[in-house]
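Asks: I have a structure I would like to understand better, so I am pasting it below and will then ask my questions one at a time.
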Amino acid sequence: MATPDPEDAERPWWEQGEEPDYRATLANERTFLAWTRTSLALLAGSLAVLPLGGVAPLPLRLALSAYLIALALAAAVTGYVQWRRRQHRMRLRRPLGHSAWQSVLLLGFLLLAGLVCAVVATGSG
C-alpha cells in the first residue's frame, strides 16, 4: 500500500494518489454503466406495468410501478457510489473492498419477484 501524500488531503478525490491502470479504470466504468442500464430497464418496466389493466387491479400495478422506480433509484445510486469508491481506492492503491448494498438490492429483487408472482396470480385467477 502506498504511503499517503500530505498534499492529497487538499486535493479533490479524483486527483489524489496516482493514476490507476487504464484497464482497471475502464472496467470500473463498464461496471458503472451496467448499473445504469439496469436502472434504466427498471424504469422502463415501471412504465410498462401501468397499462396492463386486464392483468391486475390498478392499486397493485401502481405499487409494482412505484417499487420498480425505487429499485431503479437504488441501483443508480449504488452504481455511482461503488464507481466513485473503487476509483478512489484504485488511485490510492488500496484494496477495493465490498459493499453491503449489493445484498440489500438482492433482497429487493427477490421481493420484486414475489410482487410479479402476485400480479400474475391475480391476473390468472
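The values are calculated or read from the model by the stated rules, or taken from the named source; none is laboratory data. A quick note: this is a predicted structure, and the numbers were derived from the prediction, not measured. Counting neighbours? That spans all protein chains shown, and the Cβs are built from the backbone with ideal geometry, glycine included.
Asks: Quick one: would you say G53 is over 27 Å from Q16 (Cβ atoms), without any contact (Cβ under 8 Å) to a residue 24 or more places away in the chain and crowded, with 17+ Cβ neighbours inside 10 Å?
Replies: It is false that G53 is over 27 Å from Q16 (Cβ atoms), without any contact (Cβ under 8 Å) to a residue 24 or more places away in the chain and crowded, with 17+ Cβ neighbours inside 10 Å.
Asks: Would you pick out the residues in the range 1-52 that are modelled with pLDDT under 80 and either assigned to a helix (DSSP H, G or I) or among the acidic types (D, E) (or both)?
Replies: Once the filter is applied, which keeps residues that are modelled with pLDDT under 80 and either assigned to a helix (DSSP H, G or I) or among the acidic types (D, E) (or both), the range 1-52 yields D5, P6, E7, D8, A9, E10, W13, W14, E15.
Asks: What single numbered condition from (1) closer than 17 Å to A27 by Cβ; (2) at pLDDT below 90; (3) under 15 Å from the mean Cα position of the chain (by Cα) fails to hold for L96?
Replies: The one condition L96 does not meet is (3).
Asks: Of all residues being of a type in the set (S, T, N, Q) and touching a Ser or Thr at 6+ places or on another chain (Cβ under 7 Å) in the range 47-84, which is farthest from F109 (Cα to Cα)? Just the residue, please.
Replies: Of everything passing the filter in the range 47-84, Q82 is farthest from F109 (Cα to Cα).
Asks: Looking at the structure I just gave you, is R94 charged (D, E, K, R) and assigned to a helix (DSSP H, G or I)?
Replies: Against the criterion (charged (D, E, K, R) and assigned to a helix (DSSP H, G or I)), R94 does not qualify.
Asks: Determine whether the range 82-104 contains at least one residue that is free of Cβ contacts under 8 Å to residues at least 40 places away in the same chain, surrounded by 13 or more Cβ atoms within 10 Å (Cβ to Cβ), more than 30 Å from T122 (Cβ to Cβ) and aromatic (F, W, Y).
Replies: Looking for residues that are free of Cβ contacts under 8 Å to residues at least 40 places away in the same chain, surrounded by 13 or more Cβ atoms within 10 Å (Cβ to Cβ), more than 30 Å from T122 (Cβ to Cβ) and aromatic (F, W, Y), one finds at least one in the range 82-104, hence yes.
Asks: Something else about it: Quick one: count up the residues across the range 54-93 that are hydrophobic (A, V, I, L, M, F, W, C) and more than 30 Å from L26 (Cα to Cα).
Replies: Qualifying residue count, the range 54-93: 8.
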